[in-house]
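Below: one structure, written as structure tokens.
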Amino acid sequence: MIFRKYLNKDTTQIINLLNNCFPARNISAQSFVWKHFDKFFNGQTESYVAEENDNIRAFVCFVPIYIGYQENILNYYSCAVQATHPEYRRQGLITTLTQMVEKKMDKQSNYIGFSNYEGVKIDKHSKKINYDIIGQMSTRHVLSFPYKTDIKFIKIQKLDLETKNQPYYSIHKNKDYFVWRYEKNPKCKYEYFEIKEKKQTIGYIIYKKKKTRFEVQELMLIESDFAKYNKIIKAFSRYALLNGKITTSYTYLDNNFWKNAFSGISFKKNIEIYLTIKSKDNNIKNLEKWLLQRGDIQ
């Protein structure tokens, strides 16, 4: 088995590998390049392959990501994908490739991951990777209901803004991030609302239209107060009702903030995506200090 850096000539084989491992994602050459090698990443992507007899058997890819917290913007790397051919699993290929990435990085580098169940098993049992499992993502479906509200949702064409740091860890975003993540996304079409209360902008919603529901990617409020979030969730429930949708879905890293933000008629289901962290900073490993949503999943 040969372990080496990814080369452009590997692209077709890797796409085939990823579609073999994750058939529901329907990965194309366009979506592969967008997710891992877009110019947004400034050439900082680190990716490696395991190859046997000219066949790619495993692939890992890490991209730079910025995390906002209070007055700080922290430089992290996110494990954008890891995949092993089914016939080559449980041979430590991902562990070896991940170690190669980390050896290339500065020793002080920190890492964040959004792992599925198989990835979490590696995190739990590997003595070499040592990621901490912080928490699990959940999806909550909020039933549309005619709540009374003075909140207005104003359709806008794009997000020309930069998120402000909060007393919670969250993915730091600016105009370039929103262009990459949503406008240039080759697989999905998103829509945006500016949220107004008494003519004052208090936040934004990014969502997708489904047949019977709205699927919220991000609900971003200027104030990270769960009572404010609760108010907007109820107001958007009314908007959904008036627009013929039965429910609105929200996906988030489940903690007490979101438990308090949701009230009224809704139901929740855990999904097999977990936040994992590798850092010497123990504060960032506190589940209750995070605000993450569907759109943040790498």
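The values are calculated or read from the model by the stated rules, or taken from the named source; none is laboratory data. Because the structure is predicted, anything quoted here is derived from the model rather than measured. Note that each Cβ is placed from the backbone with ideal geometry, even for glycine, and that neighbours are counted across all protein chains shown. Each accessible area value is taken on the protein alone, full model and side chains, heavy atoms only, with ligands, DNA and RNA left out. Shrake-Rupley method; radii C 1.70, N 1.55, O 1.52, S 1.80 Å.
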Six or more apart or on different chains, Cβ atoms under 8 Å: show the pairs whose first residue is in region 265-292 and free of Cβ contacts under 8 Å to residues at least 12 places away in the same chain and whose second is part of a helix (DSSP H, G or I) and open to solvent by 50 Å² or more (accessible area, probe 1.4 Å). Asn283/Lys289
Lys210 vs. criteria exposed (fewer than 15 other Cβ atoms within 10 Å of the Cβ) and within 20 Å of Ile297 (Cα to Cα): yes
Unique residue being modelled with pLDDT of 95 or more, outside any loop (DSSP other than H, G, I, E, B) and under 21 Å from Gly113 (Cα atoms) when the list is Glu272, Glu288: Glu288
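Conditions (1) part of a strand (DSSP E or B); (2) in contact with a helix residue (DSSP H, G or I) (Cβ under 7 Å, 6 or more places away or on another chain); (3) without any contact (Cβ under 8 Å) to a residue 24 or more places away in the chain, marked per residue:
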| site | (1), (2), (3) |
| --- | --- |
| Glu223 | no, no, yes |
| Ile232 | no, no, no |
| Ala240 | no, no, no |
| Thr248 | yes, yes, no |
With respect to Ser78, determine if the residue is in contact with a helix residue (DSSP H, G or I) (Cβ under 7 Å, 6 or more places away or on another chain), open to solvent by less than 10 Å² (accessible area, probe 1.4 Å), in a strand (DSSP E or B) and at negative phi. no
Mind listing whichever residues of region 164-185 are closer than 15 Å to Gln217 by Cα, hydroxyl-bearing (Ser, Thr, Tyr) and either modelled with pLDDT under 95 or part of a strand (DSSP E or B) (or both)? Ser170
